[in-house]
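Below is one structure, written out as structure tokens, with a few remarks after it.
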Amino acid sequence: MGISLNTACKKANANIWLSGDFNLGHINWEKNLIVPNKPDSALHQQLLNILDDNNLVQVINKKTRNDRTLDLMCMTNPSFVNRIKTLPPIGRSDHDIVFCEINFALPSPKQHPHKVLIYKKANWENIKKDLEIIHDYLKVNKKNMTVDDLWNTFKTKTTDTINKNIPTKEIGKKSKLPWVNRDLKRLIRKKNKLYTKKKHDSSYNKHDSSYNSKYKEIKTKLQKEMRKAYWAYIENMIFDIDIKEPDQQCFNKQPKKLYSYIKSQRNENTGIAPLRSEGTLHTNPSEKANILNKQFQSAFTSEKNIEIPTKEPSSHPIMEKINISREGVYKLIKNINTNKATGPDTIAGKILKENIEITSYILTIIFNKSLETGKVPSDWNHANVTPVFKKGDKHHPGNYRPISLTCISCKLLEHL
């Protein structure tokens, strides 16, 4: 039994592919606009409206007959497409062959269990005392220490006090239903136990109304509470607004939570496609990482060991010595977004901000030493790099761009 396009597109996790010769060639698919002063503009507009109404994206951007794109491929998940190209027509046909390489299954990258800090149970008093000891030590010995020594001492001691005073928990794959709380899980277990008993109890009589009513009562209650929890979660996320004076503008205070929810509802292929290197496609994660690493390195200029020219006397006045004040560092730490991820040093913004009275003094010492010696700590030369696909062939490593996550302290000094 067939179903309408509108019904199919509204089904959860539906992957709709609609392709063929539509014979409507007066649409600019890069801008999704109709070419002006062309015939049948109403039909062209109707096609665009149908695609928009059903969340379909037309993915073929090649000319398939002379200078027009007549053969279309419309999809609900355009990220499934790895590459598209046209081939010469066969026989008497005047249409080019459209070759689409498409993933048939959406890969689901596994989320490995990892530890997270439980800040609610942190012993901030002990952490503060340890940081005060670190500050006193750095203040006394800063003249005899390099910027690397200062930073490594701060990082090592801070990491030690975090491990001692902040408990951790291991979390695995995130639940797809974040509104399912402890009470709902208890009801689910209770319902499952009743169902198991109902299924395996040989003495159970399906006409026993008292047992059936008990099971149905729990099931109905669970459905009711599940819907209630879901809408409470949505309302808390969307309608959690604040009034901004003086123009009374409203804004969401939890954008991260909202965007995470929207992202979880999308069926996008966010993984890295198999990458081509020297004519071979590589699917192993380590091999793909090495290919991208090599590609990103090739974008940088390698300086040769040549003699640096002698500087001529400058006609400009000498710049005054820069001195970073504790007040400036304090202001920057105060504005840290604690929801941002940590860099390679693993020192979270939450730690710096909760102990701002001490960490602002410590970072001021490190920053001034860095300016004084013209060097930065070695850790700040490292970054966690994520490749992001831009456009073109997904198999070509040159079509990915690196997004770098550096140390928070490094970002603060850059800002200063």
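The values are calculated or read from the model by the stated rules, or taken from the named source; none is laboratory data. Computed from a predicted model, the values in this text were never measured in an experiment. As a convention, Cβ positions derive from the backbone with ideal geometry for all residues, glycine included, and neighbour counts pool all protein chains shown. Heads up: the accessible areas ignore ligands, DNA and RNA and are worked out on the full protein's heavy atoms, side chains in. Shrake-Rupley method; radii C 1.70, N 1.55, O 1.52, S 1.80 Å.
Collect the residues in segment 120-160 that are of a type in the set (Val, Ile, Thr), assigned to a helix (DSSP H, G or I) and under 27 Å from Leu371 (Cβ atoms), keeping them in residue-number order.
Ile133, Ile134, Val140, Val147, Thr153, Thr156, Thr158, Thr159
Exactly one of (1) without any contact (Cβ under 8 Å) to a residue 60 or more places away in the chain; (2) open to solvent by less than 30 Å² (accessible area, probe 1.4 Å) is unmet by Lys129. Its number?
Among (1) without any contact (Cβ under 8 Å) to a residue 60 or more places away in the chain; (2) open to solvent by less than 30 Å² (accessible area, probe 1.4 Å), Lys129 violates only (2).
Determine whether Asn28 is at pLDDT below 85 and either in contact with a Gly (Cβ under 6 Å, 6 or more places away or on another chain) or not β-branched (Val, Ile, Thr) (or both).
So Asn28 fails the test.
Inspect segment 20-27 for any residue being open to solvent by 60 Å² or more (accessible area, probe 1.4 Å) and touching a residue at least 60 places away in the same chain (Cβ under 8 Å) and give the result as yes or no.
Yes, because at least one residue in segment 20-27 is open to solvent by 60 Å² or more (accessible area, probe 1.4 Å) and touching a residue at least 60 places away in the same chain (Cβ under 8 Å).
Is it true that some residue in segment 306-318 is closer than 27 Å to Ile272 by Cβ and either out of contact with any strand residue (DSSP E or B) (no Cβ under 9 Å at 6 or more places or on another chain) or loosely packed, with under 15 Cβ neighbours inside 10 Å (or both)? I'd like the intermediate steps shown before the answer.
Step one: list which residues in segment 306-318 are closer than 27 Å to Ile272 by Cβ, which gives none.
Looking for residues that are closer than 27 Å to Ile272 by Cβ and either out of contact with any strand residue (DSSP E or B) (no Cβ under 9 Å at 6 or more places or on another chain) or loosely packed, with under 15 Cβ neighbours inside 10 Å (or both), one finds none in segment 306-318, hence no.
Within the bounds of segment 191-202, is there any residue that is modelled with pLDDT under 90, of a type in the set (Ser, Thr, Tyr) and not in a helix (DSSP H, G or I)?
The answer is yes, given that some residue of segment 191-202 is modelled with pLDDT under 90, of a type in the set (Ser, Thr, Tyr) and not in a helix (DSSP H, G or I).
When Gly343 is evaluated against the numbered criteria (1) touching a residue at least 12 places away in the same chain (Cβ under 8 Å); (2) among the small types (Gly, Ala, Ser); (3) open to solvent by 20 Å² or more (accessible area, probe 1.4 Å), which criterion, by number, is the only one it fails?
The one condition Gly343 does not meet is (3).
Among the numbered criteria (1) within 30 Å of Thr86 (Cα to Cα); (2) surrounded by 20 or more Cβ atoms within 10 Å (Cβ to Cβ), which one does Lys391 miss?
(2) is the only condition that Lys391 fails.
Quick one: is Thr338 among the hydroxyl-bearing types (Ser, Thr, Tyr), out of contact with any helix residue (DSSP H, G or I) (no Cβ under 8 Å at 6 or more places or on another chain) and assigned to a loop (DSSP other than H, G, I, E, B)?
It is false that Thr338 is among the hydroxyl-bearing types (Ser, Thr, Tyr), out of contact with any helix residue (DSSP H, G or I) (no Cβ under 8 Å at 6 or more places or on another chain) and assigned to a loop (DSSP other than H, G, I, E, B).
All but one of (1) open to solvent by less than 80 Å² (accessible area, probe 1.4 Å); (2) in a strand (DSSP E or B) hold for Lys115; which doesn't?
Only one criterion is unmet by Lys115, namely (1).
When Gly349 is evaluated against the numbered criteria (1) more than 19 Å from Asn163 (Cα to Cα); (2) of a type in the set (Gly, Ala, Ser); (3) open to solvent by less than 30 Å² (accessible area, probe 1.4 Å); (4) under 29 Å from the mean Cα position of the chain (by Cα), which criterion, by number, is the only one it fails?
Condition (1) is where Gly349 drops out.
For residues in segment 394-416 being assigned to a loop (DSSP other than H, G, I, E, B) and open to solvent by 70 Å² or more (accessible area, probe 1.4 Å), which is farthest from Glu287 (Cα to Cα)?
Leu416
Scan Ile358, Ile333 and give me the residue that is of a type outside the set (S, T, N, Q), in contact (Cβ under 8 Å) with a residue 60 or more places away in the chain and open to solvent by less than 20 Å² (accessible area, probe 1.4 Å). Steps first, please.
Details: Ile358 fails: open to solvent by less than 20 Å² (accessible area, probe 1.4 Å).
Checking each option against the conditions leaves just Ile333.
Do you know which residues across segment 77-92 are surrounded by 19 or more Cβ atoms within 10 Å (Cβ to Cβ) and part of a loop (DSSP other than H, G, I, E, B)?
Within segment 77-92, Asn77 is the sole residue that qualifies.
Any residue at all in segment 362-370 that's of a type outside the set (S, T, N, Q) and open to solvent by 40 Å² or more (accessible area, probe 1.4 Å)?
No; the residues of segment 362-370 include none that is of a type outside the set (S, T, N, Q) and open to solvent by 40 Å² or more (accessible area, probe 1.4 Å).
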